[in-house]
Amino acid sequence: MSDTSAAAEAHPLDALFAPRSVAVVGASENPEKWGYWLAAGALSGRQFREVHLVNNRGGKLEGVPFLPSLGALPGPVDHVVVTVPAAHVRATVVEGLAAGARCFTVVTSGATAAEEQELAALITSHGARLLGPNCMGVVDTGSRLQLSWGDFPAGAVGLVSQSGNLALEIGRLLARSGQGFSRLVSLGNQRDIDAADALEALVAHEPTRVITAYIEDFRDGRRLVRVLAEARRAGKPVLLLTVGRSEASGRAAASHTGALVSARSTVAAACRDAGALLLDSAGELVDAAVALLSPALPGGVRVAVAGDSGGQGALAADTLAVHGLTVPPLPDAAAAAVTAYLPPGVVPANPVDLAGAGEADLDNYAGIVTTLLDSGDTDAVLLTGYFGDYASANPTQQEHECAVARRMATAVRTSGRPLVVHTMARDTPALTVLREHGVPVHERVEHACAALVNALRWRQLTPRQFDPGLPPHTGDVLTDGGYESTRALLRGYGLAFPEADFVTTADEAAEAARRIGGPVALKAMGLAHKTEAGGVALDLRDEDALRSAFARMRAATGADRYAVEAMVRAPHAVELIAGVRRDAAFGPVAMVGIGGTTAELLSDTALALAPLTPDTARELLLSLHHAPLLTGWRGAPPVALDAAAEAVTALVQAAVDHPEVAELEVNPLLVHPGGAVALDAHAVLAP
């Protein structure tokens, strides 16, 4: 029995993960009920803690009698698991608080949001914590705490999930890969303990080496980013799944920025800023986790491929290339060393085709893999083909094949370079040896390649050095989002705009044009998308042209106010879009991209959490697919990147300083070799 005391707790959530005593209220003898599995799981950890089962109807499980109520417990209880009908949850919690409970896991669903919030307030007001409601429970394999339904293999992967079934899927995939959970937290409705709380606990949990998460509702995204950054500093990879890829197509946005910044792209920016990986599926998450738990991680993109099939080796090389990795020719010294393991006359290349050398002697596999790992000319080795299946056809080879697997695993540790195995076999003794030594094994080559590249992506991520906190609002409040007001705001932050006058009549427009001089542009005010509505006329060179454009524009838009603005001409200019969208969870999110009327068509954008530094803004600009247009495409001079970065930084700071602004945008931001000038601006005020 553990004798740890409350004073010795290492983390505020120890009552959740490592309680001295547990009570399951709603325990059942019926395997068709949640109360049975929660009770059985709790009993599996009896050697580590006191376990009490409560059901006012009586009964027993595994010889442990059910108590009639929490009041009948012989002493205080740390952790109460609630799986009673919704109507009885509050009364159960009141009883638990009276019994000294410091944590409640509420599996029950069916309450209203208001009822759940009231329950959380009741619990936290007594200094206790709440997991759920509507959750699947919690598991800590190290302390043998299983307060959930399902089988959870033990290992080094921590999981925080808002989906119970997804947690079960990840557990099964981990088991097939030879890994398992250190801890599992099912968040449920997050009325108290949320994703950031659970992730923070995993960062502090020494047995957890890789952290995984499925999160739909990020709550305080800025706090979550701080926790992800803490995990990075602790050397613990965080692999995240979320939803929201299609939100942009389903939302009627009031600006280009709103349409280009989706929920998922915001999470991706947050992950990149904090040094975490956002992935696409449970399988990819598990493959990446296993790769990151291996004894060595890739230090670069060079991969040596070896296999007993020329076709499989060539397909592996193509798949690696698709993922951005390279399969370079073998240097002369490495080629000569590999030749010693190949049949006479076979010319070594990369991929290395064993050409029957494996069948001749299984030791040749270990020799070639070790040579490639030790050569210093590769960052990783991919073994593809038949290895692992020889003993299936000939059981007398089992001991030999396992010994070869051990030699390859040893080569990984001594070389400090990873080996990834793609095999047509499944769950053979040799593959078990590889997995036990941390060598990832995959049945599909594309999974092996993706796992390798994700391990490299995590290693090469450089988190941003910034404080995700936001300052309080200071200064004047923007009262409307029109061009005139937004222009004035941004000019105050240093953005350059063309000379302009704002008018209401054709006569005033003509007078403004004479004062400005040269060709002018005419813009109707009060429109979110002026070009599409017929609210923009460019390059008006005389008064007749201006008056004609004014008449057409008034008829088309019905606008009451117009801008007359000097035309800006700059050779080798590129139109950008720069904007900020205030996300409910993550706050202001900055976006830069290729702009103008094709902004949404091209969707070439880069995002980061605000605020930005000029260096970060410059990095975002250079990360665009069309960045060569900025650095000098086909002999054109480069644009003034520093001026563009300063303009973006100023725009973002304006949005940070003005929380009343939901969206703020400049489109286009015209950048050219001589500087950067904003040609249009728009804001959407928060409701």
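Looking across Gly150, Gly164, Gly155, one residue alone is farther than 21 Å from Ala15 by Cα and either among the acidic types (Asp, Glu) or out of contact with any Leu (no Cβ under 7 Å at 6 or more places or on another chain) (or both). It is Gly164. Of all residues in the stretch 602-627, those satisfying the criterion of being of a type outside the set (Asp, Glu), within 24 Å of the chain's Cα centre (by Cα) and part of a helix (DSSP H, G or I) are Leu602, Thr616, Ala617, Arg618, Leu620, Leu621, Leu622. Please verify whether Ala500 is out of contact with any Cys (no Cβ under 7 Å at 6 or more places or on another chain) and touching a residue at least 60 places away in the same chain (Cβ under 8 Å), treating the condition exactly as stated. In short, yes.
Name the residues in the stretch 47-59 that are among the basic types (Lys, Arg) and either modelled with pLDDT of 95 or more or at positive phi (or both), would you?
Start the filter on the stretch 47-59 by keeping residues that are among the basic types (Lys, Arg), which leaves 49, 57.
Selection gives Arg49 alone.
The strands (runs of 3 or more DSSP E) located wholly in the stretch 520-599 that include 3 or more residues which are charged (D, E, K, R) occupy 574-583.
Among the residues examined, Ala229 does not qualify as on the phi < 0 side of the Ramachandran plot, part of a helix (DSSP H, G or I), more than 17 Å from the chain's Cα centre (by Cα) and surrounded by fewer than 24 Cβ atoms within 10 Å (Cβ to Cβ). Within the stretch 628-687, the set of residues being in contact with a helix residue (DSSP H, G or I) (Cβ under 9 Å, 6 or more places away or on another chain), of a type in the set (Gly, Ala, Ser) and in a helix (DSSP H, G or I) comprises Ala644, Ala645, Ala647, Ala650, Ala654.
Do we have Ala533 as over 24 Å from Gly596 (Cβ atoms) and either surrounded by 16 or more Cβ atoms within 10 Å (Cβ to Cβ) or in contact with a helix residue (DSSP H, G or I) (Cβ under 9 Å, 6 or more places away or on another chain) (or both) here?
no
On the given criteria, is Ser603 of a type in the set (S, T, N, Q), at positive phi and either in contact (Cβ under 8 Å) with a residue 60 or more places away in the chain or surrounded by fewer than 22 Cβ atoms within 10 Å (Cβ to Cβ) (or both)? Considered against the rule, which asks whether it is of a type in the set (S, T, N, Q), at positive phi and either in contact (Cβ under 8 Å) with a residue 60 or more places away in the chain or surrounded by fewer than 22 Cβ atoms within 10 Å (Cβ to Cβ) (or both), Ser603 comes out as yes. Scanning the stretch 503-531 for residues that are without any contact (Cβ under 8 Å) to a residue 60 or more places away in the chain and hydroxyl-bearing (Ser, Thr, Tyr) turns up Thr504, Thr505. Checked against the criterion of being surrounded by fewer than 23 Cβ atoms within 10 Å (Cβ to Cβ), of a type in the set (A, V, I, L, M, F, W, C) and within 28 Å of the chain's Cα centre (by Cα), the stretch 670-686 has at least one qualifying residue. Just to be sure before I move on: is Ala167 more than 30 Å from Ser603 (Cβ to Cβ), surrounded by fewer than 22 Cβ atoms within 10 Å (Cβ to Cβ) and either assigned by TED's automatic domain parsing to the domain that holds Gly35 or among the basic types (Lys, Arg) (or both) in the structure I sent? Taking the combined requirement at face value, the residue does not satisfy it. crowded, with 24+ Cβ neighbours inside 10 Å and of a type in the set (D, E, K, R) - does that describe any residue in the stretch 137-157? Yes, the stretch 137-157 contains at least one residue that is crowded, with 24+ Cβ neighbours inside 10 Å and of a type in the set (D, E, K, R). Here the stretch 411-420 is the region considered, the condition is being touching a helix residue (DSSP H, G or I) at 6+ places or on another chain (Cβ under 6 Å) and not in a helix (DSSP H, G or I), and the residue that is nearest to Ala366 (Cα to Cα) is Leu419.
Here's the yes/no breakdown for (1) aliphatic (A, V, I, L, M); (2) within 30 Å of Ala509 (Cβ to Cβ):
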{"position": "Glu575", "(1), (2)": "no, yes"}
{"position": "Ala578", "(1), (2)": "yes, yes"}
{"position": "Ala584", "(1), (2)": "yes, no"}
{"position": "Val592", "(1), (2)": "yes, no"}
{"position": "Asp615", "(1), (2)": "no, no"}
{"position": "Leu624", "(1), (2)": "yes, no"}
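Answer with yes or no whether Glu216 is surrounded by fewer than 23 Cβ atoms within 10 Å (Cβ to Cβ), under 18 Å from the mean Cα position of the chain (by Cα) and among the charged types (D, E, K, R). Spelling it out, Glu216 is indeed surrounded by fewer than 23 Cβ atoms within 10 Å (Cβ to Cβ), under 18 Å from the mean Cα position of the chain (by Cα) and among the charged types (D, E, K, R). Among the residues of the stretch 649-669, the ones that are among the hydrophobic types (A, V, I, L, M, F, W, C) and more than 27 Å from Thr597 (Cβ to Cβ) come to 1 in all. Taking the stretch 250-281 as the range and being in a helix (DSSP H, G or I), out of contact with any strand residue (DSSP E or B) (no Cβ under 7 Å at 6 or more places or on another chain) and modelled with pLDDT of 80 or more as the test, the residues that pass are Ala263, Arg264, Arg272, Ala274.
If you go through the stretch 342-369 and keep only what is of a type in the set (A, V, I, L, M) and free of Cβ contacts under 8 Å to residues at least 60 places away in the same chain, you end up with Leu342, Val346, Val347, Ala349, Val352, Leu354, Ala355, Ala357, Ala360, Leu362, Ala366. Quick one: Phe387 ticks every box in (1) within 21 Å of Gly155 (Cβ to Cβ); (2) assigned to a loop (DSSP other than H, G, I, E, B) except a single one, so which number is it? All conditions are met except number (1).
The values are calculated or read from the model by the stated rules, or taken from the named source; none is laboratory data. No experiment lies behind these values; they were computed from the predicted model shown. As a convention, Cβ positions derive from the backbone with ideal geometry for all residues, glycine included, and neighbour counts pool all protein chains shown.
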